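Comments concern the structure below.
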Ligand SMILES: [Fe+2]
């Protein structure tokens, strides 16, 4: 048994209880100050009405922690239909006969009470024989992390709300550490590394762990900052077709892109909107709310490129001792000295804030702050097997989606690791995404 895993059944039950409890506490903390009318309305075609997410979280738990484990359900197939993310694309969710905010909260509580009661009563021996769904508590991890992932989705939806005004989330980012001059790029030597994960709660798309040969590459120590991105803009980045992929240029023209989402120029100063509040653009924070095409164009302008996801993971997880780490700094859980994850920041942290969160190569802020676009399409690893349902990952594989790594400030610590894969369309800008650049050394 890997010492990093939660070994026995009793240990995984504790871990499951803790993960479910933490995700629910965070969900309620997020929603409590938000006016109910802001939770019921659909604010954008890109995002669901927040109350849809809330009842969807409850329905997902009912399906996986009650019915899939042989327990009686609570609501009927009609509820399953309304809260099925595949059947109901986001733009249509506002027209569905949704539960009210108080009904959705009551539903979530009712499901949780029953699923915890079942977890408490679960026979440890039976759980061991219960197959992969219960293997080391996988399905509990899946449901708790699903709830945590919807917290980020809800934060992204609330960021789009201008009326009623929503207060920015409080920030507890530590002051940036006094900086010793550190080179802005790091050379990661060539050679094989172990990519992916076989951990108990790893998703199907992270499996199986497998060896990948990665030639030497150079990676930015930090994500690209607002200041650096402004230099690209001021150099005509949005007007120079040669910097863009053809599809990206078309998108840039048709959407009249001129700067990242939630930016504006007022009286000669750049500002960015955080929830309902405009504030001066912080120059040293990683740039956020840029799509893949913008990241790709910036990298070309800088004479560089986006890293592949294998390069990103090797930079985060691998090191000279040839053993994969769960997080860039090691296997210990994230804390506020090492990474800006929910609910620490409320926005990305200036680069240089987390030297203690560096990877074995000295690369910083890989986890938290902003999701990082990679150059890779979302594809299965060799030996992939869909589990527990094809709609989790398998239906998304192909060339339509680009992989993002590392999580943002709105991602909960329990859901992110060096091996976690996120994916989205290359035009997406409302997500908390930025990037860092890579290049191939002259002589590898
Ligand atoms: Fe979901």
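Derivation of every value follows stated rules applied to the coordinates shown; laboratory data play no part. Everything quoted here is computed from the prediction, not taken from an experiment. Glycine gets a Cβ as well: all are built from the backbone with ideal geometry, and neighbour counts include every protein chain shown.
Numbers at a glance
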{"item": "Column: log10 I(q)/I(0), Debye, Cα scatterers of the chain, q = 0.07, 0.10 Å⁻¹", "result": "-0.34, -0.72"}
{"item": "Shape call, the range 1-113: gyration tensor on alpha carbons, a/c limit 1.5", "result": "prolate"}
{"item": "Extended-chain gain in nm, criterion 0.36 nm per residue less alpha-carbon gap, residue 239 and residue 103", "result": "44.0 nm"}
{"item": "Sum of -39500 (n - 2.57) over DSSP H runs of 4+, divided by residues of the chain (222 nm, nearest 500)", "result": "-9000 deg cm²/dmol"}
{"item": "The range 215-294 versus the range 394-440: alpha-carbon centroid distance in Å", "result": "17 Å"}
{"item": "Three-way shape call for the range 71-196 based on the alpha-carbon gyration tensor, with the a/c threshold at 1.5", "result": "oblate"}
{"item": "Euclidean distance of C-alpha centroids, the range 33-100 and the range 142-188, integer Å", "result": "24 Å"}
{"item": "Anisotropy class of the range 245-398 from Cα gyration tensor, a/c 1.5 cut", "result": "oblate"}
{"item": "Most to least packed among 407-418, 325-336, 109-120 [average Cβ atoms within 10 Å]", "result": "407-418, 325-336, 109-120"}
{"item": "Zero-based 5 Å bins, Cα pair distances in the range 345-411, whole percents", "result": "4, 15, 17, 18, 15, 13, 12, 6, 0"}
{"item": "Of 274, 405, 132, the one that fluctuates the most in a GNM where the chain has Cα springs shorter than 10 Å", "result": "132"}
